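Taken together, the values in this text are just the output of simple stated rules run on the coordinates, not laboratory data. The structure presented is a predicted model; accordingly, all values stated were derived computationally and were not measured. Don't worry about glycine lacking a Cβ; one is built from the backbone with ideal geometry, like all the others, and counts go over all protein chains shown.
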Amino acid sequence: MNDIIILAVQLGIAVAAFVLGKYIFPNVPKSVMEKLNTLAQWASQFVVWAKEFMQSNSGEEKMAKVVEKLKEIADEAGIKVTEDQLKAIAQSAYEAMKAGEKQAITDTATLETAAIAPTIVINAGTAAVATNNVPDGALELNADGGVNTYDEAGNKTGTITEKEAEKAASNVYAITEEDNG
């Protein structure tokens with residue numbers, strides 16, 4: 001009889017451990033990650049706010065204010081975090097903001113350069129070279145509807161039909177830019 005009671009208790013413990021492992025513990029990391037993601041989203045907003053409205057303050061003062069605001073949000077949400085963790089979250093948001101600004105500047109510069117310089121693609125097999133060293137009339141269709149072809153030095157090598165040019169352009173997998181001007 002004692003063996004049956006011991007086995008029943010062991011079965012109860014095993015079932016309880018299974019329920020905890022299956023339904024309770026897997027949800028804990030999700031809630032922690034959700035809380036950290038919430039703080040990260042707030043941090044990105046606070047970093048932008050500090051940049052815009054605290055321009056006369058030093059970087060340390062801005063960081064302190066962002067951490068203070070994050071601490072308020074964490075306290076309201078019941079999230080237990082240390083000041084070092086909040087600083088790390090704020091620093092990560094700051095770096096993401098700076099990376100976004102740098103990418104935006106690069107994209108704008110690329111668009112401005114592309115808009116200014118006429119280019120022609122020289123088909124060199126399965127790669128192409130975009131250049132601003134464009135011969136006169138190279139961007140126009142010929143009277144017969146053909147397209148001039150050029151070698152890597154920019155010398156005319158012949159003509160192809162517009163469809164052939166489109167097909168060749170669709171097969172290009174890499175484009176490199178060269179500045180000849």
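Overview of results
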read-out: Among the listed pairs Lys102/Lys167; Lys35/Lys102; Lys65/Lys98; Lys51/Lys80; Lys62/Lys102; Lys51/Lys102, those beyond 24 Å (Cα-Cα); value: Lys102/Lys167; Lys35/Lys102; Lys51/Lys80
read-out: Residues with amide H under 5 Å from that of Thr159, placed H, sequence gap 5 or more; value: Thr149
read-out: Packing-based exposure ordering (other Cβ within 10 Å, fewest first) of Val147, Val15; value: Val15, Val147
read-out: Exposure proxy order (Cβ contacts within 10 Å, fewest to most) of Phe18, Phe46; value: Phe18, Phe46
